[in-house]
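Written out below as C-alpha coordinates is the structure these notes cover.
The values are calculated or read from the model by the stated rules, or taken from the named source; none is laboratory data. Keep in mind the model is a prediction, meaning the values are calculated, not measured. Please note: Cβ atoms are built from the backbone with ideal geometry, for glycine as well, and neighbour counts cover all protein chains shown. To get the accessible areas, we keep the full protein, side chains included, count just its heavy atoms, and leave off ligands, DNA and RNA. Shrake-Rupley method; radii C 1.70, N 1.55, O 1.52, S 1.80 Å.
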Amino acid sequence: MAAADGQSIPPNGNPAQAECDNVSDSVAVENLTRFKTELVEFLGDLYDPDHPWDMIVFEGYGRGLVATRDIAPDELIFLDRPILLGPRTNNYDVIFCASCCRIQQKLTLCSGGCRLPICSKCDSSGASETSHSAECRIINSWQPKDRKRYCKSILYALTAIRALLLNARDRSIVLGMEGHPPRKDLVTEIEWLLKEKIFANLAEDGPQVAFLRQVVNILNTNAFETSRIVSDQENNDHEIVQRGLYILGALMNHRCLPNTRYVFDEQLVMRCYASKPIRRGEQIFNNYSRTLWGTHHRIVQLCFSKHFLCGCRRCRDPTELGTYLGALKCVRERCTGGRMLPSDPLKVSSVWQCDACGLKMDNLRITKIQEIAGRMVLNNAVKRDAAYIVDYLKDHAARFLLPCNQFTVELKLQAIRKIQQDASLELLLEKEQFCREILAILAKLDYGECFVKGVLCYELFKVRMVLAGRREERQSFPDSAALAHLRTAWTILGFSGNRPRDLDQLAQCYGCKI
(Lines give C-alpha, C1' and ligand atoms only; values in the text may rest on other atoms or scores of the structure.)
Protein backbone atom coordinates (compact mmCIF):
# COMPACT_ATOMS: atom_id res chain seq x y z
CA MET A 1 0.00 0.00 0.00
CA ALA A 2 1.37 3.42 -0.88
CA ALA A 3 0.39 7.02 -1.41
CA ALA A 4 0.12 8.30 -4.95
CA ASP A 5 -1.41 11.18 -6.81
CA GLY A 6 -1.00 9.67 -10.27
CA GLN A 7 2.08 11.62 -11.35
CA SER A 8 3.23 11.01 -14.90
CA ILE A 9 6.58 9.26 -15.45
CA PRO A 10 9.17 11.80 -16.71
CA PRO A 11 11.38 11.01 -19.72
CA ASN A 12 14.97 10.00 -18.98
CA GLY A 13 17.75 11.87 -20.80
CA ASN A 14 20.62 9.49 -20.02
CA PRO A 15 20.93 6.73 -22.71
CA ALA A 16 22.89 4.34 -20.46
CA GLN A 17 20.47 4.88 -17.61
CA ALA A 18 17.57 4.56 -20.03
CA GLU A 19 18.85 1.12 -21.08
CA CYS A 20 19.00 0.03 -17.42
CA ASP A 21 15.56 1.47 -16.84
CA ASN A 22 14.20 -0.46 -19.82
CA VAL A 23 15.54 -3.71 -18.37
CA SER A 24 14.15 -2.80 -14.97
CA ASP A 25 10.80 -1.82 -16.49
CA SER A 26 10.55 -5.08 -18.43
CA VAL A 27 11.19 -7.07 -15.25
CA ALA A 28 8.59 -5.01 -13.42
CA VAL A 29 6.05 -5.60 -16.19
CA GLU A 30 6.80 -9.33 -16.18
CA ASN A 31 6.42 -9.51 -12.41
CA LEU A 32 3.20 -7.52 -12.55
CA THR A 33 1.79 -9.80 -15.25
CA ARG A 34 2.62 -12.91 -13.24
CA PHE A 35 1.21 -11.38 -10.05
CA LYS A 36 -2.02 -10.37 -11.78
CA THR A 37 -2.42 -13.81 -13.38
CA GLU A 38 -2.04 -15.51 -10.00
CA LEU A 39 -4.47 -13.08 -8.38
CA VAL A 40 -7.11 -13.63 -11.07
CA GLU A 41 -6.80 -17.39 -10.55
CA PHE A 42 -7.21 -16.92 -6.80
CA LEU A 43 -10.31 -14.72 -7.19
CA GLY A 44 -11.98 -17.30 -9.43
CA ASP A 45 -15.66 -16.51 -10.01
CA LEU A 46 -15.32 -13.16 -8.21
CA TYR A 47 -13.21 -11.87 -11.08
CA ASP A 48 -15.17 -10.11 -13.82
CA PRO A 49 -13.35 -9.88 -17.19
CA ASP A 50 -15.34 -6.69 -17.88
CA HIS A 51 -14.06 -5.01 -14.71
CA PRO A 52 -13.40 -1.25 -14.99
CA TRP A 53 -9.87 -1.40 -13.52
CA ASP A 54 -6.34 -2.39 -14.36
CA MET A 55 -3.21 -2.86 -12.29
CA ILE A 56 -0.18 -0.75 -13.21
CA VAL A 57 3.11 0.39 -11.64
CA PHE A 58 3.51 4.06 -10.71
CA GLU A 59 7.10 5.25 -10.61
CA GLY A 60 8.13 5.91 -7.04
CA TYR A 61 4.86 4.58 -5.63
CA GLY A 62 4.63 0.93 -6.66
CA ARG A 63 1.54 -0.81 -7.94
CA GLY A 64 -1.91 0.71 -8.01
CA LEU A 65 -5.33 0.42 -9.63
CA VAL A 66 -6.44 2.70 -12.45
CA ALA A 67 -9.84 3.11 -14.12
CA THR A 68 -10.02 1.69 -17.64
CA ARG A 69 -13.24 3.59 -18.39
CA ASP A 70 -15.44 6.19 -16.72
CA ILE A 71 -16.98 4.82 -13.51
CA ALA A 72 -20.23 6.24 -12.14
CA PRO A 73 -20.91 6.84 -8.42
CA ASP A 74 -22.21 3.69 -6.66
CA GLU A 75 -20.93 1.47 -9.49
CA LEU A 76 -19.31 -1.79 -8.39
CA ILE A 77 -15.58 -1.72 -9.19
CA PHE A 78 -14.42 -5.12 -7.94
CA LEU A 79 -15.09 -8.03 -5.62
CA ASP A 80 -12.32 -9.43 -3.43
CA ARG A 81 -11.99 -12.27 -0.93
CA PRO A 82 -9.44 -12.59 1.88
CA ILE A 83 -6.41 -14.71 1.11
CA LEU A 84 -5.75 -14.72 4.88
CA LEU A 85 -8.34 -14.18 7.61
CA GLY A 86 -8.17 -14.51 11.36
CA PRO A 87 -8.19 -12.86 14.77
CA ARG A 88 -6.70 -9.43 15.27
CA THR A 89 -4.08 -8.75 17.93
CA ASN A 90 -6.42 -7.11 20.43
CA ASN A 91 -8.44 -8.27 23.40
CA TYR A 92 -11.97 -9.49 22.75
CA ASP A 93 -15.02 -8.99 24.97
CA VAL A 94 -16.38 -12.50 24.39
CA ILE A 95 -14.98 -16.01 24.00
CA PHE A 96 -15.41 -17.41 20.49
CA CYS A 97 -14.29 -20.37 18.42
CA ALA A 98 -10.96 -19.59 16.77
CA SER A 99 -12.13 -21.41 13.62
CA CYS A 100 -15.78 -20.43 12.97
CA CYS A 101 -16.20 -17.54 15.48
CA ARG A 102 -19.18 -19.23 17.17
CA ILE A 103 -19.76 -17.71 20.62
CA GLN A 104 -18.75 -19.91 23.55
CA GLN A 105 -20.64 -19.58 26.81
CA LYS A 106 -17.64 -21.01 28.63
CA LEU A 107 -14.08 -21.59 27.52
CA THR A 108 -13.70 -24.91 25.68
CA LEU A 109 -10.22 -25.72 24.43
CA CYS A 110 -9.29 -27.81 21.41
CA SER A 111 -8.90 -31.46 22.37
CA GLY A 112 -5.83 -31.62 20.14
CA GLY A 113 -3.83 -29.56 22.62
CA CYS A 114 -3.17 -26.44 20.51
CA ARG A 115 -4.39 -24.22 23.39
CA LEU A 116 -7.02 -22.44 21.25
CA PRO A 117 -10.75 -22.03 22.04
CA ILE A 118 -12.64 -24.33 19.66
CA CYS A 119 -16.34 -25.22 19.49
CA SER A 120 -17.51 -28.83 19.38
CA LYS A 121 -18.25 -28.68 15.62
CA CYS A 122 -14.74 -27.51 14.75
CA ASP A 123 -12.87 -29.65 17.29
CA SER A 124 -10.67 -32.23 15.60
CA SER A 125 -12.01 -34.95 17.87
CA GLY A 126 -15.52 -34.49 16.51
CA ALA A 127 -14.60 -35.55 12.95
CA SER A 128 -11.69 -36.95 11.01
CA GLU A 129 -10.94 -33.54 9.45
CA THR A 130 -12.35 -30.10 10.29
CA SER A 131 -11.57 -26.52 9.29
CA HIS A 132 -9.25 -26.36 12.30
CA SER A 133 -7.40 -29.67 11.89
CA ALA A 134 -4.52 -28.52 9.67
CA GLU A 135 -3.62 -25.48 11.76
CA CYS A 136 -3.91 -27.58 14.90
CA ARG A 137 -1.33 -30.01 13.49
CA ILE A 138 1.08 -27.15 12.70
CA ILE A 139 0.77 -25.69 16.21
CA ASN A 140 1.23 -29.10 17.78
CA SER A 141 4.33 -29.73 15.70
CA TRP A 142 5.96 -26.94 17.73
CA GLN A 143 5.14 -28.80 20.98
CA PRO A 144 3.12 -26.21 22.92
CA LYS A 145 3.67 -26.17 26.67
CA ASP A 146 0.78 -26.13 29.21
CA ARG A 147 -1.53 -27.78 26.68
CA LYS A 148 -4.55 -27.58 28.99
CA ARG A 149 -4.40 -23.80 29.31
CA TYR A 150 -5.79 -21.19 26.90
CA CYS A 151 -3.10 -19.07 25.20
CA LYS A 152 -4.04 -15.65 23.84
CA SER A 153 -0.66 -15.25 22.18
CA ILE A 154 -1.34 -18.22 19.91
CA LEU A 155 -4.79 -16.82 19.06
CA TYR A 156 -3.28 -13.44 18.13
CA ALA A 157 -0.67 -15.13 15.91
CA LEU A 158 -3.21 -17.43 14.24
CA THR A 159 -3.74 -15.27 11.15
CA ALA A 160 -0.04 -15.40 10.35
CA ILE A 161 0.17 -19.11 11.23
CA ARG A 162 -2.56 -19.83 8.67
CA ALA A 163 -0.20 -18.54 5.96
CA LEU A 164 1.81 -21.74 6.44
CA LEU A 165 -1.19 -23.63 5.01
CA LEU A 166 -1.32 -21.65 1.74
CA ASN A 167 -0.56 -23.41 -1.52
CA ALA A 168 2.39 -22.30 -3.66
CA ARG A 169 0.34 -19.87 -5.77
CA ASP A 170 -1.27 -18.15 -2.81
CA ARG A 171 2.05 -17.95 -0.96
CA SER A 172 3.50 -16.25 -4.03
CA ILE A 173 0.66 -13.72 -4.00
CA VAL A 174 1.10 -12.94 -0.31
CA LEU A 175 4.87 -12.66 -0.53
CA GLY A 176 4.43 -10.37 -3.53
CA MET A 177 2.91 -7.74 -1.21
CA GLU A 178 4.96 -5.04 0.46
CA GLY A 179 5.68 -5.54 4.15
CA HIS A 180 7.14 -2.79 6.34
CA PRO A 181 9.25 -3.93 9.32
CA PRO A 182 7.75 -3.13 12.74
CA ARG A 183 8.77 -0.12 14.80
CA LYS A 184 11.56 -0.81 17.28
CA ASP A 185 9.18 -0.33 20.22
CA LEU A 186 6.60 -2.76 18.82
CA VAL A 187 6.64 -6.43 19.82
CA THR A 188 4.79 -8.41 17.15
CA GLU A 189 2.67 -11.48 17.77
CA ILE A 190 5.45 -13.78 16.56
CA GLU A 191 8.00 -12.20 18.88
CA TRP A 192 5.57 -12.71 21.79
CA LEU A 193 5.41 -16.43 21.00
CA LEU A 194 9.19 -16.59 21.22
CA LYS A 195 9.53 -14.25 24.20
CA GLU A 196 7.03 -16.20 26.29
CA LYS A 197 8.66 -19.53 25.30
CA ILE A 198 5.25 -21.02 24.51
CA PHE A 199 6.68 -23.78 22.31
CA ALA A 200 9.43 -26.29 22.94
CA ASN A 201 10.17 -26.85 19.24
CA LEU A 202 9.97 -23.52 17.41
CA ALA A 203 13.44 -22.37 16.38
CA GLU A 204 13.85 -18.59 16.51
CA ASP A 205 16.32 -18.69 13.62
CA GLY A 206 14.41 -21.34 11.64
CA PRO A 207 12.71 -20.92 8.23
CA GLN A 208 9.17 -21.06 9.66
CA VAL A 209 9.78 -18.13 12.03
CA ALA A 210 11.45 -16.15 9.23
CA PHE A 211 8.37 -16.76 7.05
CA LEU A 212 5.97 -15.85 9.86
CA ARG A 213 7.82 -12.60 10.53
CA GLN A 214 7.55 -11.69 6.87
CA VAL A 215 3.83 -12.48 6.84
CA VAL A 216 3.25 -10.35 9.97
CA ASN A 217 4.95 -7.39 8.28
CA ILE A 218 2.72 -7.89 5.22
CA LEU A 219 -0.41 -8.13 7.37
CA ASN A 220 0.48 -5.03 9.38
CA THR A 221 1.05 -3.09 6.14
CA ASN A 222 -1.94 -4.30 4.12
CA ALA A 223 -4.64 -6.02 6.20
CA PHE A 224 -8.19 -4.68 6.56
CA GLU A 225 -10.36 -4.80 9.64
CA THR A 226 -13.47 -6.83 8.99
CA SER A 227 -16.02 -8.43 11.28
CA ARG A 228 -18.67 -11.06 11.69
CA ILE A 229 -21.96 -10.67 13.54
CA VAL A 230 -22.42 -13.77 15.70
CA SER A 231 -25.41 -14.52 17.93
CA ASP A 232 -25.10 -16.15 21.35
CA GLN A 233 -27.58 -18.60 22.92
CA GLU A 234 -29.84 -15.70 23.99
CA ASN A 235 -29.87 -14.41 20.38
CA ASN A 236 -27.82 -11.34 21.33
CA ASP A 237 -25.60 -10.08 18.53
CA HIS A 238 -21.84 -9.81 19.01
CA GLU A 239 -19.42 -8.28 16.55
CA ILE A 240 -16.27 -10.37 16.22
CA VAL A 241 -13.68 -8.09 14.64
CA GLN A 242 -11.05 -9.84 12.54
CA ARG A 243 -8.35 -8.85 10.10
CA GLY A 244 -8.23 -10.01 6.53
CA LEU A 245 -5.65 -9.67 3.77
CA TYR A 246 -7.62 -8.52 0.71
CA ILE A 247 -5.11 -8.22 -2.12
CA LEU A 248 -7.09 -6.07 -4.56
CA GLY A 249 -8.23 -3.83 -1.75
CA ALA A 250 -4.65 -3.44 -0.53
CA LEU A 251 -3.49 -2.44 -4.02
CA MET A 252 -5.57 0.74 -3.95
CA ASN A 253 -3.27 3.66 -3.20
CA HIS A 254 -4.07 6.26 -0.56
CA ARG A 255 -5.70 9.64 -0.70
CA CYS A 256 -7.38 11.44 2.21
CA LEU A 257 -10.22 12.25 -0.20
CA PRO A 258 -10.76 8.83 -1.79
CA ASN A 259 -13.06 7.99 -4.68
CA THR A 260 -14.19 4.60 -3.38
CA ARG A 261 -15.99 2.93 -0.49
CA TYR A 262 -16.19 -0.72 0.44
CA VAL A 263 -18.32 -3.05 2.53
CA PHE A 264 -17.97 -6.69 3.54
CA ASP A 265 -20.97 -8.91 2.85
CA GLU A 266 -22.16 -11.93 4.88
CA GLN A 267 -19.47 -14.12 3.26
CA LEU A 268 -16.81 -11.47 4.08
CA VAL A 269 -16.39 -10.66 0.39
CA MET A 270 -15.16 -7.10 -0.07
CA ARG A 271 -17.41 -5.13 -2.41
CA CYS A 272 -15.69 -1.95 -3.62
CA TYR A 273 -17.83 0.83 -5.14
CA ALA A 274 -17.13 4.26 -6.59
CA SER A 275 -18.09 6.93 -4.06
CA LYS A 276 -17.85 9.66 -6.69
CA PRO A 277 -17.28 9.82 -10.48
CA ILE A 278 -13.95 8.32 -11.58
CA ARG A 279 -12.69 9.27 -15.03
CA ARG A 280 -10.90 6.87 -17.33
CA GLY A 281 -7.17 6.89 -16.53
CA GLU A 282 -7.63 8.15 -12.97
CA GLN A 283 -6.31 6.19 -10.03
CA ILE A 284 -8.71 4.27 -7.82
CA PHE A 285 -8.05 5.52 -4.29
CA ASN A 286 -8.82 4.35 -0.77
CA ASN A 287 -8.28 6.25 2.50
CA TYR A 288 -5.93 4.40 4.85
CA SER A 289 -6.76 6.74 7.73
CA ARG A 290 -9.96 7.84 9.49
CA THR A 291 -12.42 9.90 7.50
CA LEU A 292 -13.06 12.49 10.22
CA TRP A 293 -9.60 12.78 11.75
CA GLY A 294 -7.76 16.08 11.50
CA THR A 295 -4.64 16.38 9.33
CA HIS A 296 -2.18 16.27 12.24
CA HIS A 297 -3.51 12.92 13.45
CA ARG A 298 -3.74 11.48 9.93
CA ILE A 299 -0.13 12.43 9.19
CA VAL A 300 1.15 10.84 12.40
CA GLN A 301 -0.89 7.66 11.85
CA LEU A 302 0.15 7.29 8.21
CA CYS A 303 3.79 7.97 9.01
CA PHE A 304 3.98 5.37 11.79
CA SER A 305 1.77 2.66 10.31
CA LYS A 306 2.21 3.08 6.54
CA HIS A 307 5.63 4.77 6.33
CA PHE A 308 4.68 7.69 4.09
CA LEU A 309 3.35 11.24 4.25
CA CYS A 310 0.30 12.31 2.25
CA GLY A 311 0.30 15.59 0.35
CA CYS A 312 -3.23 15.70 -1.08
CA ARG A 313 -5.19 18.95 -1.30
CA ARG A 314 -6.98 18.21 1.97
CA CYS A 315 -3.65 17.78 3.77
CA ARG A 316 -2.23 20.96 2.20
CA ASP A 317 -5.18 23.12 3.29
CA PRO A 318 -4.89 24.28 6.95
CA THR A 319 -8.70 24.54 7.16
CA GLU A 320 -9.25 21.08 5.59
CA LEU A 321 -11.60 22.49 2.95
CA GLY A 322 -13.39 24.67 5.48
CA THR A 323 -14.23 21.87 7.93
CA TYR A 324 -11.63 22.86 10.57
CA LEU A 325 -11.55 19.26 11.81
CA GLY A 326 -8.04 19.65 13.21
CA ALA A 327 -8.36 23.26 14.39
CA LEU A 328 -8.15 24.16 18.08
CA LYS A 329 -9.75 26.97 20.04
CA CYS A 330 -7.52 29.96 20.63
CA VAL A 331 -6.23 29.84 24.22
CA ARG A 332 -6.56 33.61 24.74
CA GLU A 333 -9.66 34.33 26.82
CA ARG A 334 -10.39 37.60 24.99
CA CYS A 335 -10.20 35.84 21.59
CA THR A 336 -13.59 34.14 21.61
CA GLY A 337 -13.83 33.13 17.96
CA GLY A 338 -10.21 32.43 17.10
CA ARG A 339 -9.07 29.14 15.60
CA MET A 340 -5.52 27.82 15.93
CA LEU A 341 -4.28 26.42 12.61
CA PRO A 342 -0.92 25.03 11.43
CA SER A 343 1.13 27.35 9.24
CA ASP A 344 2.35 24.31 7.29
CA PRO A 345 -0.03 21.38 7.87
CA LEU A 346 2.31 18.94 6.08
CA LYS A 347 4.89 19.35 8.87
CA VAL A 348 4.23 17.89 12.30
CA SER A 349 6.70 20.46 13.70
CA SER A 350 4.79 23.40 12.18
CA VAL A 351 4.06 26.54 14.17
CA TRP A 352 0.34 27.13 14.76
CA GLN A 353 -1.33 30.53 14.56
CA CYS A 354 -4.75 31.92 15.51
CA ASP A 355 -6.71 33.13 12.48
CA ALA A 356 -8.26 35.95 14.53
CA CYS A 357 -5.70 37.41 16.96
CA GLY A 358 -2.48 36.09 15.38
CA LEU A 359 -1.25 34.26 18.50
CA LYS A 360 1.49 31.74 17.64
CA MET A 361 2.23 28.47 19.44
CA ASP A 362 4.91 25.86 18.83
CA ASN A 363 4.03 22.30 17.93
CA LEU A 364 5.00 20.93 21.37
CA ARG A 365 2.32 22.98 23.15
CA ILE A 366 -0.22 22.16 20.43
CA THR A 367 0.57 18.44 20.71
CA LYS A 368 0.15 18.63 24.49
CA ILE A 369 -3.27 20.29 24.12
CA GLN A 370 -4.33 17.62 21.63
CA GLU A 371 -3.15 14.82 23.92
CA ILE A 372 -5.06 16.26 26.87
CA ALA A 373 -8.19 16.72 24.74
CA GLY A 374 -7.89 13.19 23.40
CA ARG A 375 -7.55 11.66 26.85
CA MET A 376 -10.43 13.69 28.28
CA VAL A 377 -12.76 12.90 25.42
CA LEU A 378 -11.83 9.43 24.24
CA ASN A 379 -10.84 7.88 27.58
CA ASN A 380 -13.68 9.37 29.59
CA ALA A 381 -16.73 10.75 27.86
CA VAL A 382 -16.93 8.25 24.99
CA LYS A 383 -17.40 5.36 27.42
CA ARG A 384 -20.39 6.97 29.16
CA ASP A 385 -24.07 6.89 28.23
CA ALA A 386 -25.74 9.17 25.69
CA ALA A 387 -27.11 11.68 28.22
CA TYR A 388 -23.67 12.14 29.76
CA ILE A 389 -22.05 12.65 26.34
CA VAL A 390 -24.59 15.30 25.33
CA ASP A 391 -24.14 17.15 28.64
CA TYR A 392 -20.36 16.86 28.32
CA LEU A 393 -20.52 18.40 24.85
CA LYS A 394 -22.57 21.35 26.09
CA ASP A 395 -21.02 22.03 29.47
CA HIS A 396 -17.40 20.97 29.15
CA ALA A 397 -16.12 20.19 25.66
CA ALA A 398 -17.46 23.49 24.30
CA ARG A 399 -15.11 25.36 26.64
CA PHE A 400 -11.92 24.05 25.06
CA LEU A 401 -12.93 22.46 21.74
CA LEU A 402 -14.48 23.85 18.59
CA PRO A 403 -17.85 22.32 17.61
CA CYS A 404 -16.20 21.01 14.41
CA ASN A 405 -13.04 19.59 16.04
CA GLN A 406 -12.39 15.90 15.43
CA PHE A 407 -12.79 15.03 19.12
CA THR A 408 -16.13 16.84 19.27
CA VAL A 409 -17.22 15.03 16.11
CA GLU A 410 -16.21 11.68 17.64
CA LEU A 411 -18.35 12.43 20.70
CA LYS A 412 -21.28 13.28 18.45
CA LEU A 413 -20.84 10.02 16.53
CA GLN A 414 -20.87 8.10 19.81
CA ALA A 415 -24.02 9.94 20.91
CA ILE A 416 -25.72 9.14 17.60
CA ARG A 417 -24.96 5.46 18.12
CA LYS A 418 -26.14 5.40 21.74
CA ILE A 419 -29.33 7.47 21.52
CA GLN A 420 -32.06 4.87 20.93
CA GLN A 421 -35.74 5.16 20.03
CA ASP A 422 -36.91 5.26 23.66
CA ALA A 423 -34.71 8.25 24.52
CA SER A 424 -36.12 11.57 25.67
CA LEU A 425 -37.34 14.10 23.12
CA GLU A 426 -34.41 16.34 23.98
CA LEU A 427 -31.87 13.62 23.20
CA LEU A 428 -33.64 12.66 19.97
CA LEU A 429 -33.48 16.26 18.78
CA GLU A 430 -29.77 16.36 19.63
CA LYS A 431 -29.23 13.19 17.63
CA GLU A 432 -31.00 14.68 14.62
CA GLN A 433 -28.84 17.79 14.83
CA PHE A 434 -25.62 15.80 15.19
CA CYS A 435 -26.44 13.76 12.09
CA ARG A 436 -27.03 16.89 10.04
CA GLU A 437 -23.84 18.56 11.29
CA ILE A 438 -21.59 15.63 10.40
CA LEU A 439 -23.27 15.14 7.03
CA ALA A 440 -22.50 18.81 6.35
CA ILE A 441 -18.82 18.18 7.15
CA LEU A 442 -18.74 15.26 4.71
CA ALA A 443 -20.32 17.48 2.05
CA LYS A 444 -17.63 20.15 2.56
CA LEU A 445 -14.97 17.50 2.18
CA ASP A 446 -16.67 16.36 -1.05
CA TYR A 447 -16.41 12.84 0.30
CA GLY A 448 -19.11 11.46 -1.97
CA GLU A 449 -21.26 8.43 -1.23
CA CYS A 450 -19.04 7.08 1.55
CA PHE A 451 -19.77 4.48 4.23
CA VAL A 452 -20.07 7.03 7.07
CA LYS A 453 -22.64 8.93 5.02
CA GLY A 454 -24.72 5.76 4.68
CA VAL A 455 -24.70 5.19 8.45
CA LEU A 456 -25.63 8.81 9.18
CA CYS A 457 -28.43 8.82 6.60
CA TYR A 458 -29.88 5.67 8.19
CA GLU A 459 -29.69 7.16 11.69
CA LEU A 460 -31.21 10.43 10.50
CA PHE A 461 -34.12 8.63 8.86
CA LYS A 462 -34.77 6.56 11.98
CA VAL A 463 -34.67 9.50 14.39
CA ARG A 464 -36.96 11.54 12.14
CA MET A 465 -39.38 8.61 12.01
CA VAL A 466 -39.42 8.39 15.82
CA LEU A 467 -39.88 12.15 16.15
CA ALA A 468 -42.80 12.05 13.68
CA GLY A 469 -44.45 9.40 15.86
CA ARG A 470 -43.92 11.40 19.04
CA ARG A 471 -45.43 14.47 17.38
CA GLU A 472 -48.29 12.45 15.88
CA GLU A 473 -47.14 13.39 12.37
CA ARG A 474 -46.91 9.88 10.94
CA GLN A 475 -49.23 10.68 8.05
CA SER A 476 -46.83 13.33 6.70
CA PHE A 477 -43.77 11.13 7.14
CA PRO A 478 -41.60 10.46 5.24
CA ASP A 479 -41.14 13.56 3.13
CA SER A 480 -38.90 13.60 0.07
CA ALA A 481 -35.80 14.51 2.11
CA ALA A 482 -36.32 11.59 4.51
CA LEU A 483 -36.87 9.19 1.62
CA ALA A 484 -33.66 10.44 0.00
CA HIS A 485 -31.78 9.67 3.22
CA LEU A 486 -33.22 6.15 3.39
CA ARG A 487 -32.45 5.55 -0.27
CA THR A 488 -28.84 6.67 0.28
CA ALA A 489 -28.53 4.44 3.36
CA TRP A 490 -29.78 1.42 1.45
CA THR A 491 -27.57 2.08 -1.58
CA ILE A 492 -24.45 2.35 0.59
CA LEU A 493 -25.18 -0.25 3.30
CA GLY A 494 -27.47 -2.70 1.54
CA PHE A 495 -24.77 -5.26 0.74
CA SER A 496 -22.96 -4.92 4.07
CA GLY A 497 -23.08 -7.98 6.32
CA ASN A 498 -23.20 -5.57 9.28
CA ARG A 499 -26.06 -3.42 8.02
CA PRO A 500 -28.73 -2.48 10.60
CA ARG A 501 -31.20 -5.29 11.18
CA ASP A 502 -34.23 -3.27 10.14
CA LEU A 503 -32.73 -1.59 7.07
CA ASP A 504 -34.04 -4.24 4.66
CA GLN A 505 -37.57 -3.92 6.03
CA LEU A 506 -37.49 -0.11 5.95
CA ALA A 507 -36.16 -0.01 2.40
CA GLN A 508 -38.79 -2.55 1.29
CA CYS A 509 -41.61 -0.72 3.08
CA TYR A 510 -40.80 2.66 1.56
CA GLY A 511 -39.85 1.42 -1.89
CA CYS A 512 -36.14 2.23 -1.63
CA LYS A 513 -34.75 -1.19 -2.51
CA ILE A 514 -33.01 -1.08 -5.86
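Pairing residues of segment 49-60 that are on the phi > 0 side of the Ramachandran plot with residues that are aliphatic (A, V, I, L, M) and exposed (fewer than 15 other Cβ atoms within 10 Å of the Cβ), at Cβ distances under 9 Å and at least 6 apart in sequence or on separate chains, gives Gly60/Ile9. If the condition is being modelled with pLDDT of 95 or more, closer than 22 Å to Ala440 by Cβ and surrounded by fewer than 18 Cβ atoms within 10 Å (Cβ to Cβ), then segment 270-291 contributes only Pro277. For segment 361-370, the criterion of being in a helix (DSSP H, G or I), open to solvent by 60 Å² or more (accessible area, probe 1.4 Å), more than 25 Å from Leu439 (Cα to Cα) and not aliphatic (A, V, I, L, M) is met by at least one residue.
Restricting attention to segment 450-468, the residues that are in a helix (DSSP H, G or I) and either farther than 16 Å from Tyr510 by Cα or touching a Lys or Arg at 6+ places or on another chain (Cβ under 8 Å) (or both) add up to 11. Taken as a whole, the condition of being closer than 16 Å to Cys101 by Cα and not in a helix (DSSP H, G or I) applies to Lys121.
Yes/no matrix, rows are residues, columns are (1) closer than 30 Å to Tyr156 by Cα; (2) aromatic (Phe, Trp, Tyr); (3) over 19 Å from the mean Cα position of the chain (by Cα):
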position: Val230; (1), (2), (3): yes, no, yes
position: Arg243; (1), (2), (3): yes, no, no
position: Ile247; (1), (2), (3): yes, no, no
position: Leu268; (1), (2), (3): yes, no, no
position: Ser275; (1), (2), (3): no, no, no
position: Ile284; (1), (2), (3): no, no, no
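The set of residues in segment 319-346 that are without any contact (Cβ under 8 Å) to a residue 12 or more places away in the chain, open to solvent by less than 60 Å² (accessible area, probe 1.4 Å) and under 19 Å from Phe400 (Cβ atoms) is empty. Look through segment 97-118, keep the residues that are open to solvent by 10 Å² or more (accessible area, probe 1.4 Å) and not in a loop (DSSP other than H, G, I, E, B), and return whichever of them is farthest from Asn201 (Cα to Cα). Only one residue fits best here, namely Ile103.
Residues are listed down the side, and each one gets a yes or a no for (1) in contact with an Asp or Glu (Cβ under 8 Å, 6 or more places away or on another chain); (2) within 26 Å of Asp93 (Cβ to Cβ); (3) of a type in the set (Lys, Arg); (4) open to solvent by 10 Å² or more (accessible area, probe 1.4 Å):
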| position | (1), (2), (3), (4) |
| --- | --- |
| Lys121 | no, yes, yes, yes |
| His132 | yes, yes, no, no |
| Trp142 | no, no, no, no |
| Leu158 | yes, yes, no, no |
| Ser172 | yes, no, no, yes |
| Glu178 | no, no, no, yes |
| Lys184 | no, no, yes, yes |
| Glu189 | no, yes, no, yes |
| Lys197 | no, no, yes, yes |
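Figure legend. Inter-residue proximity from segment 472-488: first residues within 18 Å of Val455 (Cβ to Cβ), second residues at pLDDT below 90 and among the hydrophobic types (A, V, I, L, M, F, W, C), beta-carbon distance below 7 Å, spacing 6+ or different chains. Indicated pairs: Leu483/Cys512; Leu486/Cys512; Arg487/Cys512.
Applying the set (1) over 26 Å from Arg464 (Cβ atoms); (2) part of a loop (DSSP other than H, G, I, E, B) to Val377 leaves exactly one unmet item: (2). Condition check: exposed (fewer than 13 other Cβ atoms within 10 Å of the Cβ), touching a residue at least 12 places away in the same chain (Cβ under 8 Å) and among the polar types (S, T, N, Q). Does Ser349 satisfy that? Considered against the rule, which asks whether it is exposed (fewer than 13 other Cβ atoms within 10 Å of the Cβ), touching a residue at least 12 places away in the same chain (Cβ under 8 Å) and among the polar types (S, T, N, Q), Ser349 comes out as yes.
When restricted to residues that are over 21 Å from Ser289 (Cβ atoms) and surrounded by fewer than 22 Cβ atoms within 10 Å (Cβ to Cβ), segment 398-415 contains 4. If the condition is being more than 14 Å from Cys435 (Cβ to Cβ) and open to solvent by 40 Å² or more (accessible area, probe 1.4 Å), then segment 457-490 contributes Arg470, Arg471, Glu472, Glu473, Arg474, Gln475, Ser476, Asp479, Ser480, Leu483, Arg487.
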